[in-house]
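*Asks:* Encoded as structure tokens, here's the structure I'll be asking about.
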Amino acid sequence: EAGVTQFPSHSVIEKGQTVTLRCDPISGHDNLYWYRRVMGKEIKFLLHFVKESKQDESGMPNNRFLAERTGGTYSTLKVQPAELEDSGVYFCASSHRASSGNTIYFGEGSWLTVV
Amino acid sequence: AQSVTQLGSHVSVSEGALVLLRCNYSSSVPPYLFWYVQYPNQGLQLLLKYTTGATLVKGINGFEAEFKKSETSFHLTKPSAHMSDAAEYFCAVSGTGGYNKLIFGAGTRLAVHP
């Protein structure tokens with residue numbers, strides 16, 4: 001069974017450009033999460049989808065970030081325009097159930113560098 | 001609000017020595033607790049978790065952790081370190097109600113030397 005896959009694995013863009021990160025969750029997982037780790041900091045929650053609906057987007061830093069999950073399958077996270085402080089690792093994760101205690105499976109992350 | 005503190009951003013042990021990675025949490029209600037590991041060039045992998053029941057939890061690769069409510073701790077241990085244990089380890093907490101939103105610590109990078 002395939003795990004959570006993310007693309008691209010690494011991206012280097014200039015300040016002001018746009019980047020779109022893609023996440024394919026484990027098949028059958030209705031719950032999809034985005035987390036982010038900026039350099040040297042904690043991994044922080046960005047948002048949570050249940051199927052195609054945003055359950056919680058309280059962690060999204062500002063309106064330069066847009067997440068979508070059309071059709072409840074894969075998800076994209078767009079950063080437009082990118083700023084230097086957006087550099088970091090963006091993790092996608094999925095779970096079968098959303099209730100606390102259930103295992104969340106993470107992808108390998110998308111490393112974003114904004115120069 | 002919940003929070004997690006991992007003592008020591010870097011820990012170095014000799015191969016065969018005890019591994020002890022410390023995690024303390026703050027939560028107004030008893031939380032669920034997790035340890036994740038990130039090996040080089042890989043994603044986060046669940047090592048073990050505590051939800052209910054026995055407070056000593058065994059995970060993969062010989063790791064275990066004990067939930068101590070009185071100390072608000074969930075330290076990760078392994079009796080004998082192996083070179084392949086070199087990785088970054090993350091302690092995380094989530095509330096017992098509602099859905100699964102993880103709060104992570106800053107991580108501890110474990111180095112194992114011969």
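The values are calculated or read from the model by the stated rules, or taken from the named source; none is laboratory data. Every value quoted in this text rests on a predicted model; they were computed, and no experiment measured them. Here the Cβ positions follow ideal geometry from the backbone for every residue, glycine too, while neighbour counts run over all protein chains shown.
*Asks:* For B:THR52, all conditions in the list (1) within 11 Å of another protein chain (Cβ to nearest Cβ); (2) under 17 Å from B:ILE103 (Cβ atoms) hold save one; what is the number of the exception?
*Replies:* Condition (2) is where B:THR52 drops out.
*Asks:* Of the residues that make up region B:25-33, is at least one within 10 Å of the chain's Cα centre (by Cα) and modelled with pLDDT under 95?
*Replies:* Yes.
*Asks:* In addition: When the residues of region A:79-112 are filtered to those that are surrounded by fewer than 15 Cβ atoms within 10 Å (Cβ to Cβ) and more than 14 Å from chain B (Cβ to nearest Cβ), which remaining residue is nearest to B:ILE103 (Cα to Cα)?
*Replies:* Filtering first and then ranking leaves A:GLU85.
*Asks:* Something else now. Can you say whether A:SER11 is away from chain B (no Cβ under 11 Å), surrounded by 14 or more Cβ atoms within 10 Å (Cβ to Cβ) and within 15 Å of the chain's Cα centre (by Cα), as far as the supplied structure shows?
*Replies:* yes
*Asks:* Tell me which of these A:GLY59 doesn't satisfy, since it passes every other one: (1) out of contact with any helix residue (DSSP H, G or I) (no Cβ under 7 Å at 6 or more places or on another chain); (2) within 14 Å of another protein chain (Cβ to nearest Cβ); (3) under 18 Å from A:THR103 (Cα atoms).
*Replies:* (3)
*Asks:* Still on this model: For region B:83-97, indicate whether the set of residues that are crowded, with 16+ Cβ neighbours inside 10 Å, touching a helix residue (DSSP H, G or I) at 6+ places or on another chain (Cβ under 9 Å) and not in a helix (DSSP H, G or I) is non-empty.
*Replies:* Scanning region B:83-97 turns up no residue that is crowded, with 16+ Cβ neighbours inside 10 Å, touching a helix residue (DSSP H, G or I) at 6+ places or on another chain (Cβ under 9 Å) and not in a helix (DSSP H, G or I).
*Asks:* Next question, about the same structure. Among the residues of region A:58-103, which ones are small (Gly, Ala, Ser) and without any contact (Cβ under 8 Å) to a residue 60 or more places away in the chain?
*Replies:* Listed by number, the residues that qualify are A:SER58, A:GLY59, A:ALA67, A:GLY71, A:GLY72, A:SER75, A:SER87, A:GLY88, A:SER99, A:SER100, A:GLY101.
*Asks:* Cβ contacts < 7 Å: first residue free of Cβ contacts under 8 Å to residues at least 60 places away in the same chain, restricted to region B:25-52; second residue among the basic types (Lys, Arg), any location; separation 6+ or different chain. Result?
*Replies:* Qualifying pairs under 7 Å: B:LEU48/B:LYS58.
*Asks:* Next question, about the same structure. Pull out all pairs, ordered by first then second residue, where Cβ-Cβ is under 7 Å, the residues are six or more apart or on different chains, the first lies in region B:85-100 and is facing chain A (nearest Cβ under 8 Å), and the second is at pLDDT below 70 and assigned to a strand (DSSP E or B).
*Replies:* B:TYR99/A:SER99; B:ASN100/A:SER99
*Asks:* For region B:60-73, which residues satisfy the criterion of being within 17 Å of B:LEU110 (Cα to Cα) and buried (at least 17 other Cβ atoms within 10 Å of the Cβ)?
*Replies:* B:PHE63, B:ALA65
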